[in-house]
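Participant: Quick one: the structure is below, and I'll ask about it shortly.
Read-outs throughout are calculated quantities, based only on the coordinates presented, and are distinct from any laboratory measurement. The model shown is predicted, which means the values in this text are computed figures rather than measured ones. Here the Cβ positions follow ideal geometry from the backbone for every residue, glycine too, while neighbour counts run over all protein chains shown.
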Amino acid sequence: MLSVWKDKAKRQFLWRAFYYIGASGLSRATSLILLPLLLATLSAEDFSRYGLFMSFIYLSMPIVSLNLHIAPSRLFFDYDAPEQQRQMLFTSLASAVSLTLSGTLLFIIALTALQLSDPVSQGSLGIQGLIALTIIVMIVVEFGRTLLRIKGNGFLYLVVSLLQSVGLIGTYFLITVFRFIDLFDGLLIAFLLSNGSTALVVLVYWLRNFKVARFNRSMLSKALLFSLPTSIHLIAMWAINMSGRWIGLLYLTLAEIAPYVLVTQMYSAVAMLSRAVFESLLPEYNAAFGAENYRHGRRILRFATWASIALILAIYGALYFALYVLQVDLPQGYNPSPVMVLIAALISVLDAIYLQGIQLLQALKKTHLQAVTTVISGSAAVLVSIVLVHSSGETGLLIATAVAWLFQAGLSNRVAYRQLDQKMQTPNSSVLSIDAYLDGVSK
């Protein structure tokens, strides 16, 4: 019986990992396919406006919603009764949408009253309204993704990603063919429609599987304590991952910074694969921590960490072999040095180790400590970038990013394991093997 259960656990993990990695790959593929189409159809000004639009959307979401829509990713597992689980889901989503609606309306009213013109909407009330609606829709989409991860429904997670990708590319392509609307406006509408259809799918899934429950104020307080620090964390993460580009442009030309941008895209893509490994095991480790089975939850996270590192080393080994042994040529001006690729590999490994600490802090509901570690790391990234960009150029920017991720990995795990030791009141156990993990699942 045990061997049968082990086989079942293996299959569940492998299929979830396949679906989540596939969803991550779709996200990257969409960017690669859409980019040439945008360059061929948009002016340089509109292309820059679209970049600002995307940046504003992803920066605004954790600010206006306080990240309440992701609170169920951990708090859902604190409740065994289905009615309480439904209340947690409804309270989190309703609160996030209400705050987002209020925040975006106040922002539009302020722009209008002060007669200010932002670079994205350029004073157009219609575009401002479209941006506000897009932020609300994206909140629902992220809530839906959280819900699918909670239930371990990797297949529908992949379908949702496919719907987003095909919807965006297909809708914008049709707009470019028939040109019945300004292309920049059409691109924003295509983005809204693709995410709107995705939001509709996840809402139907939610209503069919959980139904609407009553609003619970006490649960809102718990959700705020969990989610507010994560919103600060996301803003600080934006500083870690994006500050190097902005600081670099103060001292370097666009051509000089191109290899750095390419390498950052490289480790960002690999980071999505690491997250897919952790997400494929999210139901198991959050259920373990929810049941206060801390040893088992820790074992699962350690297994996810080592699985991610093995995947990272395999990818970078193949990449290094292709670039510097087979000497595969990249377009002129985009060839990174071997040192930059090795630093990128180090960043990816540190990111996997960091994920263990951060997921542990979230599982223990210590998200305020998560925010503190990220703010420290973000500050380090900015300061080291300013110092090293003068002497080492784009390599210095990459070193600054590695320093920030070293802070992230070290601080998050040190703080997380201190918190875990207080819960367990026992020393840390040894590194987990796959058989030990599966034995834990079967118990």
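Participant: Please compute the alpha carbon radius of gyration of the stretch 334-377, then divide it by the globular-protein estimate 2.2 N^0.38 Å. Two decimals is fine. Intermediate results must be reported in sequence, preceding the final value.
Facilitator: On the way: Rg = 14.2 Å, N = 44, 2.2 N^0.38 = 9.3 Å.
Working it through for the stretch 334-377, the quotient is 1.53.
Participant: OK, next. Taking the number of other C-beta atoms within 10 Å as the exposure measure, put F77, F107 in order starting with the fewest. Please report the intermediate quantities before stating the final value.
Facilitator: Working: F77 21, F107 17.
Taking fewest neighbouring Cβ atoms as first place, the list is F107, F77.
Participant: Could I ask something else about it? Please state the equivalent ellipsoid semi-axes for the stretch 30-162: what are the square roots of 5 times the Cα gyration tensor eigenvalues, largest first, in whole Å?
Facilitator: On the way: eigenvalues 205, 93, 15 Å².
One finds semi-axes of 32, 22, 9 Å for the stretch 30-162.
Participant: Here's a follow-up. Taking the stretch 98-251 on its own, what percent of its Cα-Cα pair distances exceed 28 Å? Don't skip to the end; give the middle numbers.
Facilitator: On the way: 4382 of 11781 pairs.
Within the stretch 98-251, distances greater than 28 Å cover 37 percent of Cα pairs.
Participant: What list of ³J(HN,Hα) values in whole Hz, one per residue of the stretch 341-353 in order, does the Karplus curve 6.51 cos²θ - 1.76 cosθ + 1.60 (θ = phi - 60°) give from phi, with Gly and Pro shown as x?
Facilitator: Calculated HN-Hα couplings, in order: 5, 5, 5, 4, 4, 4, 4, 5, 5, 4, 5, 5, 5 Hz.
Participant: What ranking, highest mean first, results for peptides 390-398, 121-129 when packing means the other Cβ atoms within 10 Å averaged over each residue? Before the final figure, lay out the partial values.
Facilitator: On the way: 390-398: 18.9, 121-129: 14.4.
The densest-packed peptide leads the list: 390-398, 121-129.
Participant: Based on other C-beta atoms within 10 Å, arrange V375, V328 from fewest to most. Write down the numbers at each step before the final one.
Facilitator: Details: V375 18, V328 11.
Listing V375, V328 from fewest to most nearby Cβ atoms yields V328, V375.
Participant: As a footprinting exposure proxy, order I33, I189 by other Cβ within 10 Å, with the fewest listed first.
Facilitator: Numbers: I33 13, I189 18.
Placing the least packed residue first, the sequence is I33, I189.
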